[in-house]
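One structure below.
The values are calculated or read from the model by the stated rules, or taken from the named source; none is laboratory data. Being a predicted model, the structure only gives us computed values, none of them experimental. Note that we place each Cβ from the backbone using ideal geometry, even for glycine, and neighbour counts take in every protein chain shown. To get the accessible areas, we keep the full protein, side chains included, count just its heavy atoms, and leave off ligands, DNA and RNA. Shrake-Rupley method; radii C 1.70, N 1.55, O 1.52, S 1.80 Å.
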Amino acid sequence: MGRRRPSRVVVLGAGLAGAFAAAAAAAPGRTVTLVERDVLPTEPAARPGVPQGRLLHVYLHRGLLAIEELLPGFRGEMQAAGAVSFDSGDLAWLGEFGWGSTGRRQFPLLSATRPLVEHVVLERVRALPGVVVRDGVRVQRLRRGAGPDEPAWWVDGVAGSDAADGAASDERLTLAADLLVDATGRSSRLPVWLAAAGVRAAEVSEVDAHIGYAARRYAMDGVEVVPPGVVVLQTPRDPAGGIALPVEDGRWLVGAIGAGDLRPPRDAEGFTRFLDGLRHDAVAQLARAGTPEGDVVVHRQTGNRRHHYERVRDWPPGLLVVGDALCAFNPVYGQGVTVAACEALVLRDALRRGLAAGDERRILRRFVRVAALPWAVATSSDLRYSTDTRPSPLQALLGRWTQELDRLTSHGDVLAQSTVARVYHLMASPLLLVRPGLLRAALRARRHGYGPAVPAPEVITRTATLPDHPRVDTP
Ligand SMILES: Cc1cc2nc3c(=O)[nH]c(=O)nc-3n(C[C@H](O)[C@H](O)[C@H](O)COP(=O)(O)OP(=O)(O)OC[C@H]3O[C@@H](n4cnc5c(N)ncnc54)[C@H](O)[C@@H]3O)c2cc1C
């Protein structure tokens, strides 16, 4: 049998994974319908279907490259819309054993609010030939086509119930799909829909360190911040961390991260106290110098969860799953958007070749390979906080070795710093972490000492009220 070129692609969910999948599928002679429950805003704005929209987002270099490949010119459009560019090597970064920044060039990154990224991406996707966005439509059920003359799937939805005026018009809608892509995120109902369609359940893997995440926006008028961003990493010994990054319109987003009893609170006073209690006050200084805007936003669904759809033997033709619906990560590692964009590139290449029988499972396996390193990074790190699950010997070894690299970095080892950054940004194989130069550096440090620690960076040189802010002490 020849290769199929699906002419009706339906993507469920217009979050970033859905938008990337639609961009990947768009091609002459094909209709790509992006179905979204929310009524999509016409300007960058947070919306109910993406509750993480008001929290801080970090974009890995690999992800930015993948988005640029899907939507050429994306970086320039983001910059024109106010996104802030900086080099990852300039971030002030307090790791487990000390400050790691050496100011050497690493990767050009972009920082912007999540709604701005989604807006720029969706505007581009809407303009692609054959793409139709059906927003305000909640997908309720999937049905498999009944025979060779039918499409692979029927999608049943209801329109209007999320309209801003709250009027539930309940207009029914049915779409035919030769290829259906589920991108409805972490709370995807695909397991329920598949059970109803008679498909056996997929196994689920889960690692949940019960990490809480909170953020608040600050105006920084008249404040001079030296580094382009500040990170105080949470560690098993001190499971509270913070992060501050500039976004569009001269604002900064300040995030607080904590595990177990140390999850950051929702009230403004408690949030400030949480930042003040971090093992270094770099993030707190920034928050104190700025003017808070809006409430503290909290998110606590941070477990790593993946559905092993690729293992379902009778996986139905014409169905794929991307983004958080397939594999959701603890967001503190900033990987989800990158994985979704890289999956979209896999989808684009597969559709260009055409689909042969059984290709859907092969594509799902490729998605799994895309997510493998981020999954290993997130889960091996989270298992250090989890009391529910013990790490495997390999995960424990990986954890100890990355601690050693962190220690080298905090003593100015440039090779350790650049290697960790390359792997973290998914720009190199994790095998690079055991390159001989690093093993030699670790042995040398054990024999002769680690050398002087990287000094704490200066964070703020001037605030609106205080002309010369005192320098920050080394932790
Ligand atoms: C607090 C937090 C912070 C994060 N920070 C980062 C970060 O720094 N960097 C990073 O790379 N990633 C981060 N992520 C992860 C990232 O947001 C996601 O991995 C990425 O956006 C892909 O999500 P998605 O599109 O698969 O799902 P979602 O963003 O959840 O989108 C799903 C979409 O499907 C729609 N939908 C759901 N059900 C239906 C239905 N029945 N019918 C129609 N539509 C439906 C929803 O309305 C929504 O628009 C973070 C996540 C969280 C929760």
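How much length would be gained if the chain were fully extended between Met427 and Asp156, taking 0.36 nm per residue of separation minus their Cα-Cα distance, in nm to one decimal?
So the chain would gain 93.5 nm between Met427 and Asp156.
Would you mind checking the tilt of helix 393-409 against the longest principal axis of the Cα atoms of the chain, expressed as 0 to 90 degrees and rounded to 10?
50 degrees
Would you tell me the accessible area of Phe97, worked out with a 1.4 angstrom probe on the heavy atoms of the protein chains, in Å² to the nearest 10?
Spelled out: Phe97, probe radius 1.4 Å, area about 60 Å².
Pop a pseudo-label 7 angstrom from the Cα along the beta-carbon direction at both Gln403 and Asp238 and give the gap in nm to one decimal.
Placing both labels 7 Å beyond Cα along the Cβ direction yields 1.6 nm.
Could you tell me the accessible area of Glu248 in Å² (1.4 Å probe, neighbours in place), rounded to the nearest ten?
20 Å²
Quick check: pseudo-label points 7 Å beyond the Cα along Cα→Cβ at Asp249 and Arg435, how many nm apart are they?
4.2 nm
On C-alpha positions alone, give me the angle between the axis of helix 16-25 and the longest principal axis of the chain, in degrees, nearest 10.
50 degrees
Note down the nm distance, to one decimal, between modelled labels 7 Å out along Cα→Cβ at Glu293 and at Arg362.
Taking the simple label geometry, Glu293 and Arg362 are separated by 5.0 nm.
Give me the tail of P(r) for the chain as a percent: Cα-Cα pairs with distance above 42 Å.
Distances greater than 42 Å cover 19 percent of the Cα pairs.
Would you calculate, for the chain, the mean residue ellipticity at 222 nm contributed by helices, counting each DSSP H stretch of 4 or more residues as -39,500 (n - 2.57) and dividing by all residues, to the nearest 500?
Taken over the chain, the calculation gives -9500 deg cm²/dmol.
So how tilted is helix 414-424 from the main axis of the chain? Cα-based, degrees 0 to 90, rounded to 10.
For helix 414-424, the angle is close to 20 degrees.
In whole Å, what three semi-axes, largest first, describe the equivalent ellipsoid of region 287-388 built from its Cα gyration tensor (square root of 5 times each eigenvalue)?
Listed largest to smallest, the semi-axes of region 287-388 are 33, 17, 12 Å.
Let me have the relative contact order for the chain, percent, based on Cα pairs under 8 Å that are six or more residues apart.
Relative contact order here is 20 percent.
Can you give the FRET efficiency for Ser7 and Gln79, using 1/(1 + (r/R0)^6), R0 = 41 Å, r = Cβ-Cβ distance, to the nearest 0.05?
0.70
Return one whole number: the accessible area per residue of the chain in Å², for a 1.4 Å probe.
With the other protein chains kept in place, the chain gives 44 Å² per residue.
First compute the accessible area of the chain with a 1.4 Å probe, then give the percent of it belonging to carbon and sulfur atoms.
52 percent
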